[in-house]
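Taking it in order: structure first as structure tokens, then the write-up.
The values are calculated or read from the model by the stated rules, or taken from the named source; none is laboratory data. Bear in mind that the values here come from a model prediction, so they are computed numbers and not experimental data. Cβ sites come from the backbone with ideal geometry, for glycine too, and all protein chains shown count toward neighbours.
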Amino acid sequence: MNPVPMYDFPREYAINRESYLALFDTVCRTGQFSDGQFSHAFERDFAAYTGAPFAASVSNGTGALVLSLRALGIGPGDEVIVPSATFTATPGAVLMCGAKPVFADIEPDTWQISVADAEKRINKKTKAVIGVHLYGGMFDVEAMRRLCDAHGLPFIEDTAQAVGSEWKGRKAGTFGKTGCFSFYPTKNLGAFGEAGCVISGDESLIARINALKAHDSRDGSFRELGYNMRMDGLQGAVLSFKLKQLDAFTERKNAIASLYRESVKGSGRLVCQYAPPHVRHSYHLFVLKTDDRERFIAAMTEKGIGTGVQYRTPCHRQKVFTDAVGETSLPVTEELMENCVSVPTYPYLTDEEVAFVAEQLKRYAR
Ligand SMILES: Cc1ncc(COP(=O)(O)O)c(C=O)c1O
């Protein structure tokens, strides 16, 4: 068996090469390179896909979060509750706006933000909650809605890892004030570089995000400090093309995940992330909690199987955040980050490769 790496971008490119070259040609012939017709067409496509009324294409997922917070008026003196079990960009976006991230713990089975723990951290300074749909699962959007409504707070969905995930048939990103997507190449909907999108039911919020992403420039006047966070036209064209395949890929990833789950069922050594039956997981990552991460990684490496760790150190233990907000203790998050590991699920894996990975998981699990 050839090595099975975590991702294989050249494999995907080879399959769709002619289509991609044609797209590149189309974009170059029109000269619509930034925030032009291709980014705007993608906004329409993505709004239709998610069922969101409005969408703003942006430069990346970090930008989507920063712009959402800024558009909600969050800044110095404000606190925003975030999980620590996430990529640094989630609490980082809060700091970038001058506000303070307040870390909440996660649920022991779904590994998603604990709404009960978030509630304990609400005070007068709290201005929003960001929930992260970790690994492609979903946090409890209904409990979050109840909590935030009770306290008059908006919540933002960090949907960077959850494009295509669903809660009772409704797409991730459509429950919060905004849904913030990343199309970084490793994501289920991956650009040829950096890209992101914000979706919302609030037209004025999207208008403000569109202004801020382009230096809030209106007819040559600059009223507020903004950013250059526009989406490239080439990314828009690639993403509209790939969006048509996303549901098939999500199905494929679910089929792969089912085989892996079956392989480790009942094992005390490898534990899967729980997703309630009403959640359609999109498996941005298939993550296992291991009894001994280094031994597991060594066993997979020996067989040529790629692994990843998302993440080794939780955000609340990272210097950038301890310097800014001090120490916090989050036992459930810490335990997950000490033991989590991911294995390949990209949709272009062959059946033979999937069966091979499943077999190795089974052997380790025994
Ligand atoms: C949960 C989460 N939030 C935000 C981001 C930031 O997205 P980007 O890398 O596109 O800026 C990522 C990217 O990995 C992520 O996983």
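Filtered by the rule that a residue be under 14 Å from residue 82 (Cβ atoms) and assigned to a helix (DSSP H, G or I), region 121-146 gives 134, 144. Of all the listed residues (18, 12), the sole one being closer than 30 Å to residue 349 by Cβ and either basic (Lys, Arg) or modelled with pLDDT under 95 (or both) is 12. Here is a check on your reading of the model: is residue 55 under 19 Å from residue 244 (Cα atoms), within 16 Å of the ligand (Cβ to nearest atom) and out of contact with any Ser or Thr (no Cβ under 6 Å at 6 or more places or on another chain)? Yes. Within this structure, residue 191 passes the test of being part of a loop (DSSP other than H, G, I, E, B), out of contact with any strand residue (DSSP E or B) (no Cβ under 6 Å at 6 or more places or on another chain) and surrounded by fewer than 24 Cβ atoms within 10 Å (Cβ to Cβ).
Among residues of region 267-287 being touching a residue at least 24 places away in the same chain (Cβ under 8 Å) and of a type in the set (Gly, Ala, Ser), the one that is surrounded by the fewest Cβ atoms within 10 Å (Cβ to Cβ) is 267. Can you spot a residue in region 152-169 that is buried (at least 24 other Cβ atoms within 10 Å of the Cβ), closer than 23 Å to residue 91 by Cα, in contact (Cβ under 8 Å) with a residue 12 or more places away in the chain and acidic (Asp, Glu)? Yes; the residues of region 152-169 include at least one that is buried (at least 24 other Cβ atoms within 10 Å of the Cβ), closer than 23 Å to residue 91 by Cα, in contact (Cβ under 8 Å) with a residue 12 or more places away in the chain and acidic (Asp, Glu).
Here region 332-353 is the region considered, the condition is being crowded, with 19+ Cβ neighbours inside 10 Å and either among the β-branched types (Val, Ile, Thr) or outside the structural domain of residue 312 (by TED's automatic domain parsing) (or both), and the residue that is nearest to residue 112 (Cα to Cα) is 333. The requirement of being closer than 25 Å to residue 155 by Cβ, within 16 Å of the ligand (Cβ to nearest atom), in the same structural domain as residue 168 (by TED's automatic domain parsing) and not aromatic (Phe, Trp, Tyr) is fulfilled nowhere in region 29-52; no residue meets it. Residues in region 82-128 that are more than 15 Å from the ligand (Cβ to nearest atom) and in contact with a helix residue (DSSP H, G or I) (Cβ under 6 Å, 6 or more places away or on another chain): 100, 105, 108, 115, 119, 122.
Of everything in region 164-184 that is within 11 Å of the ligand (Cβ to nearest atom) and in contact with a strand residue (DSSP E or B) (Cβ under 7 Å, 6 or more places away or on another chain), the residue that is nearest to residue 70 (Cα to Cα) is 180. Annotation note: of 137, 61, 131, 75, the sole residue that is surrounded by fewer than 24 Cβ atoms within 10 Å (Cβ to Cβ) and either outside the structural domain of residue 168 (by TED's automatic domain parsing) or not hydroxyl-bearing (Ser, Thr, Tyr) (or both) is 75. What is the residue count in region 91-110 for residues that are within 16 Å of residue 337 (Cα to Cα) and either of a type in the set (Val, Ile, Thr) or crowded, with 24+ Cβ neighbours inside 10 Å (or both)? Final tally of qualifying residues: 5. Name the residues in region 194-247 that are without any contact (Cβ under 8 Å) to a residue 12 or more places away in the chain and either buried (at least 20 other Cβ atoms within 10 Å of the Cβ) or under 20 Å from the mean Cα position of the chain (by Cα) (or both), would you? Across region 194-247, the qualifying residues are 244, 245.
Looking only at region 317-366, filter to residues that are outside any helix (DSSP H, G or I) and without any contact (Cβ under 8 Å) to a residue 24 or more places away in the chain; which one of those is nearest to residue 250 (Cα to Cα)? This residue is 350. For residue 361, are the conditions met, namely being closer than 17 Å to residue 301 by Cβ and outside the structural domain of residue 115 (by TED's automatic domain parsing)? Here the answer is yes, as residue 361 does meet what is asked. Six or more apart or on different chains, Cβ atoms under 8 Å: show the pairs whose first residue is in region 170-189 and at positive phi and whose second is within 14 Å of the ligand (Cβ to nearest atom) and among the polar types (S, T, N, Q). Short answer, once both residue conditions are applied: 173/159.
The number of residues in region 13-63 that are aliphatic (A, V, I, L, M) and either within 14 Å of residue 191 (Cβ to Cβ) or touching a Gly at 6+ places or on another chain (Cβ under 8 Å) (or both) comes to 5.
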